[in-house]
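Here the structure is laid out as structure tokens; the discussion comes afterwards.
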Amino acid sequence: MEVNLQNYRWWQRGIFYQVYPRSFQDSNGDGIGDLPGIISRLDHLKWLGVTAIWISPMYPSPMKDFGYDIADYSGIDSVYGNMEDFDKLLHEVHARGMKLTLDFVPNHSSDQHPWFIESRSSRDNPKRDWYIWRDARPDGSEPNNWLAMFGGTGWEWDEQTGQYYYHAFLKEQPDLNWRNPEVQKAMYDVLRFWLDKGVDGFRVDVMWHMIKDAQFRDNPPNPRYEQHMATYEQLSPVYSTDQAEVHDIVRAMREVLEEYDDRMMIGEIYLPLDKLVAYYGTDNRGAHLPFNFLLLQMQWDARQIASMIDQYEGALPAQGWPNWVLSNHDQPRLTSRVGKQQARVAAMLLLTLRGTPTIYYGDEIGLQDVPIPFDEVQDPQGLNMPEKNLSRDPARTPMHWDETENAGFTTGKPWLRLGRNYAHRNVAKQKDRHHSILTLYKRLIELRQSEPALMVGNYMPVHADKQMIAYMRTAEGHDSFLIALNLSHKPSYFTAKHIDIKGTIEIATVPGIEGSRIDGVINLYGDDGIIIRLDK
Ligand code: NOJ
């Protein structure tokens, strides 16, 4: 039966774009990006062709973890603007036919949130049980061996009330107690607050952390730990994360979303594939899209990537919609992981796989990690484990818009230094250049959005060797495409054995060869990727 796009929801047909608000566009010269700044750049996103925006947290926050420590779930931090600015942003996004999704951070609040201030005020405060308080062991030590992601123990002693509280991240980010129904209700009301305003969905922070072992058992040692890793990796977090009961919470969140029309949630989950797909929930009543970080974590190796795509496709539950991510604000930038040339191949991969792609701001112009001198490091993960080089700042530097001072990002002193190459690598310069990575992104997006086979069609692996992968995308009643990507720097070729590959190159990472005919044999230079429109 002919594929009908109407049967797919906006988040299945669309392309997400992550905005890190501190670094996108400053409007008032304080060196920090803000909501009016984002509004002023929406036309870029519309032009690029992405259809949904996810903004990292813009709520009131002491910024110990740059907004992932929230002091008021229903407000806007003054550094980013005010609620009027937010309403305007939502309106302007919708006016351009795009969707807006927010970052929801349910696992922990800031220690400055009024809930925590109450909770820590006395043992019998009604909000005491809203957070995770435990007695010391008889020798005064922490209740168990759980570690914090940002270094050290996960337990902080509270002198005044004589108990420890648990924090999976910074001590300024106490974990909420999601086993408490009052917490659940308060947080579902937060979702409703934003849904009532009309936001289209949420990216849910560390979804797999929300529920911990009811008995608080010690985590076992991680046999794969190596010295260069974060200290958190010393243990396998089998009791502090991914507990069975978390799925009830995810399902309850889904039910809140379903009180409204056509809303959705993405779950941030770093887990092995079999555990990840469980977050789609029984009968797909969990997260619409549990983030798939496989491409972020893998070696850039053709065979491994091909086999991982197959494993992912195979592990998805019936009706579970796939998604793909190449970069985010917690990981080194794509260009710095795979190199400039392969970044183009990676873009072609991201935008031709089956499933919703998420693009990290700046990847469309090939931003690289910017080295931040140690005395300018801001990220707590970098500051707390200085010898391990884990700072996330390099991937969070300001966007390059043009060649004016500070790349058009701010008229003030940027909160993080910019890449030194901004005069050459910026949106304005790349926009009209046929060979730029920005043009490649735009054209890939355009093709994906206009061809049902690429947007929602089937995926069929065709070939994989140690350099190259090739696959087909098809949709009944529409043109089919074969994508061949050389993930190495050396030339490679293959002759398809079981299928007849005849067609014309529609898009190539090196545009010169577009329009060429392909008949059976595919021959690629190193770092080449091609999309072939197959003959009917
Ligand atoms: C995941 C977020 O992506 C990261 O930036 C943050 O530090 C932690 N969660 C804690 O909220």
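The values are calculated or read from the model by the stated rules, or taken from the named source; none is laboratory data. If you're wondering where the values come from, they're calculated on a predicted model, not measured in any experiment. Glycine gets a Cβ as well: all are built from the backbone with ideal geometry, and neighbour counts include every protein chain shown. The protein model used for the area step is the full one, side chains on, heavy atoms only, and it has no ligands, DNA or RNA in it. Shrake-Rupley method; radii C 1.70, N 1.55, O 1.52, S 1.80 Å.
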Restricting attention to strands (runs of 3 or more DSSP E) lying wholly within the stretch 473-536, give those where 1 or more residues are within 29 Å of residue 335 (Cβ to Cβ) and in contact with a helix residue (DSSP H, G or I) (Cβ under 7 Å, 6 or more places away or on another chain). 481-486, 502-508, 529-534
Of all helices (runs of 4 or more DSSP H) fully inside the stretch 33-126, the set with 1 or more residues that are open to solvent by less than 20 Å² (accessible area, probe 1.4 Å) and over 30 Å from residue 161 (Cβ atoms) is 35-40, 42-48, 83-95
When residue 148 is run through (1) more than 26 Å from residue 21 (Cβ to Cβ); (2) open to solvent by less than 50 Å² (accessible area, probe 1.4 Å), the failure sits at (1)
Which residue pairs have Cβ atoms closer than 9 Å, lie 6 or more positions apart in sequence or on different chains, and pair a first residue in the stretch 380-409 that is under 16 Å from residue 148 (Cβ atoms) and open to solvent by 30 Å² or more (accessible area, probe 1.4 Å) with a second residue that is within 12 Å of the ligand (Cβ to nearest atom) and among the charged types (D, E, K, R)? 381/65; 381/330; 381/392; 390/379
Within the stretch 477-504, how many residues are in contact with a Gly (Cβ under 9 Å, 6 or more places away or on another chain) and aromatic (Phe, Trp, Tyr)? 1
Take residue 245 and decide whether it is farther than 27 Å from residue 305 by Cα and touching a residue at least 40 places away in the same chain (Cβ under 8 Å). yes
Odd one out for residue 324 among (1) farther than 26 Å from residue 506 by Cα; (2) open to solvent by less than 10 Å² (accessible area, probe 1.4 Å); (3) not in a helix (DSSP H, G or I): (1)
Would you check which residues across the stretch 327-342 are more than 16 Å from the ligand (Cβ to nearest atom) and either crowded, with 19+ Cβ neighbours inside 10 Å or on the phi < 0 side of the Ramachandran plot (or both) and list them? 334, 335, 336, 337, 338, 340, 341, 342
Inter-residue pairs, beta-carbon under 6 Å, first of a type in the set (Lys, Arg) and in the stretch 436-449, second in a helix (DSSP H, G or I), 6+ apart: 442/48; 448/454; 448/455
Test: residue 422 is closer than 30 Å to residue 9 by Cα and open to solvent by 10 Å² or more (accessible area, probe 1.4 Å): no
Quick check on my filter: what residues within the stretch 136-165 are closer than 26 Å to residue 249 by Cα, assigned to a loop (DSSP other than H, G, I, E, B) and more than 16 Å from the ligand (Cβ to nearest atom)? 143, 144, 145
Among the residues that make up the stretch 427-450, is at least one of them open to solvent by 60 Å² or more (accessible area, probe 1.4 Å), under 25 Å from residue 313 (Cβ atoms) and not acidic (Asp, Glu)? yes
For the stretch 495-536, give me each residue that is touching a Lys or Arg at 6+ places or on another chain (Cβ under 6 Å), more than 14 Å from residue 481 (Cα to Cα) and either among the aromatic types (Phe, Trp, Tyr) or open to solvent by 10 Å² or more (accessible area, probe 1.4 Å) (or both). 526
I need the full set of residues from the stretch 272-310 which are of a type in the set (Ser, Thr, Tyr) and open to solvent by 10 Å² or more (accessible area, probe 1.4 Å), in order please. 282, 307
Tell me the residue from 296, 271 that is closer than 26 Å to residue 333 by Cα, in contact (Cβ under 8 Å) with a residue 12 or more places away in the chain, part of a helix (DSSP H, G or I) and under 16 Å from the mean Cα position of the chain (by Cα), please. 296
